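Please read the structure below before turning to the comments.
The values are calculated or read from the model by the stated rules, or taken from the named source; none is laboratory data. It should be emphasised that the depicted structure is a prediction, and the values quoted were computed from it without experimental measurement. Neighbour counts are summed over all protein chains in view; Cβ atoms, including those assigned to glycine, are modelled from backbone coordinates with ideal geometry.
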Ligand SMILES: Cc1ncc(COP(=O)(O)O)c(C=O)c1O
């Protein structure tokens, strides 16, 4: 029914059997709704184990809502947030932050998707001036929208800056497990050190639906307590939360849904596969002269410019997005279900085009 391969997005893949089985397992009998069922409570325990005992978690339906509601919970409409010019909040949420939260996004040019303290500092001006929107938060994406990754030192520097300037730090973790894999850690507290509020992705990380907003810091406690009301008003309160909880448990927990220990949590395998396939794709493309790689491959995507005349044939072979319509920079994304064969056959096609056009 659907294509057997694709580099369009990790959103384009299906889900692993373990996620599907978790949904099936949750599909028995009657359970109370709106976060009061046993699986959601078990998931709450898991969040606290992974992120610390202060963690307050809320499910929402999608990643845009996780981001926008995080801002709405922390900020008022006379506040502004520093974001990268590549951020999903800025370029892919159709103005939802501005409409729903009502404040201002200040987009800072970041060609590799990463914010740096030296670029943020000049925006901390006119503090207390009633004529000027007040900068109150920084939002970063880890890994970024262009497949790059903040290092431990970069994250620490940003967190310290936010703390010293009294700014909230929000993290869009749509693909956080990929970042964990790339950092070589299973310690989510380390990965989010200094972050106040986290959007934890579900769908890009192999779930069918559901995302989570996690309040991590003690200072965000009041916003955390009020989040339930914000979420309901903005129509993102799911009722049958057992189904979202079951999937997050299948992704992250070290036990299966029946309580049997797993040798490793499933995300480690799934994120590992997505990353090693992206590395294989990059290594292959690098060897072809006419292809120019444009970003580091530090997550599960490869950014590359192909000769324009090749793009149709390549996309007919395996679909991917043209990321920048002016330069024809393309994004090729791998997921838990990408196989070596998908990469190798795609690379053969690129090589054939290169040979035919004498550009290899
Ligand atoms: C970095 C990032 N954040 C957030 C989202 C939100 O996704 P959605 O609202 O489509 O669930 C996406 C989706 O592509 C994303 O790539």
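The table below gives the values:
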{"quantity": "Which listed residue is buried (at least 19 other Cβ atoms within 10 Å of the Cβ), closer than 18 Å to residue 250 by Cβ and in the same structural domain as residue 102 (by TED's automatic domain parsing), from 22, 65, 31, 72", "calculated": "22"}
{"quantity": "Residue among 65, 72 that is within 9 Å of the ligand (Cβ to nearest atom) and either in contact with a strand residue (DSSP E or B) (Cβ under 6 Å, 6 or more places away or on another chain) or under 17 Å from residue 215 (Cα atoms) (or both)", "calculated": "65"}
{"quantity": "Verdict on residue 206 being in contact with a strand residue (DSSP E or B) (Cβ under 9 Å, 6 or more places away or on another chain) and either at pLDDT 95 or above or within 29 Å of residue 32 (Cβ to Cβ) (or both)", "calculated": "no"}
{"quantity": "Lone qualifier among 219, 192, 241 - being touching a strand residue (DSSP E or B) at 6+ places or on another chain (Cβ under 7 Å), within 30 Å of residue 167 (Cβ to Cβ) and more than 15 Å from the ligand (Cβ to nearest atom)", "calculated": "192"}
{"quantity": "Meets criteria (in contact with a helix residue (DSSP H, G or I) (Cβ under 7 Å, 6 or more places away or on another chain), assigned by TED's automatic domain parsing to the domain that holds residue 21 and surrounded by fewer than 15 Cβ atoms within 10 Å (Cβ to Cβ)) for residue 226", "calculated": "yes"}
{"quantity": "Out of 13, 4, sole residue that is modelled with pLDDT under 95 and either out of contact with any helix residue (DSSP H, G or I) (no Cβ under 7 Å at 6 or more places or on another chain) or more than 16 Å from the ligand (Cβ to nearest atom) (or both)", "calculated": "4"}
{"quantity": "Residue match in segment 139-157 (condition: assigned by TED's automatic domain parsing to the domain that holds residue 243, without any contact (Cβ under 8 Å) to a residue 40 or more places away in the chain, away from the ligand (no atom under 12 Å from the Cβ) and over 29 Å from residue 278 (Cα atoms))", "calculated": "no"}
{"quantity": "Scope segment 51-62; condition surrounded by fewer than 23 Cβ atoms within 10 Å (Cβ to Cβ) and within 16 Å of the ligand (Cβ to nearest atom); matching residues", "calculated": "61, 62"}
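Residue-wise test of (1) closer than 26 Å to residue 357 by Cβ; (2) assigned to a helix (DSSP H, G or I); (3) modelled with pLDDT under 95; (4) touching a strand residue (DSSP E or B) at 6+ places or on another chain (Cβ under 7 Å).
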site	(1), (2), (3), (4)
273	no, yes, no, no
276	no, yes, no, no
280	yes, yes, no, no
283	yes, yes, no, no
288	yes, no, no, no
297	yes, no, no, no
304	yes, no, no, yes
310	yes, yes, no, no
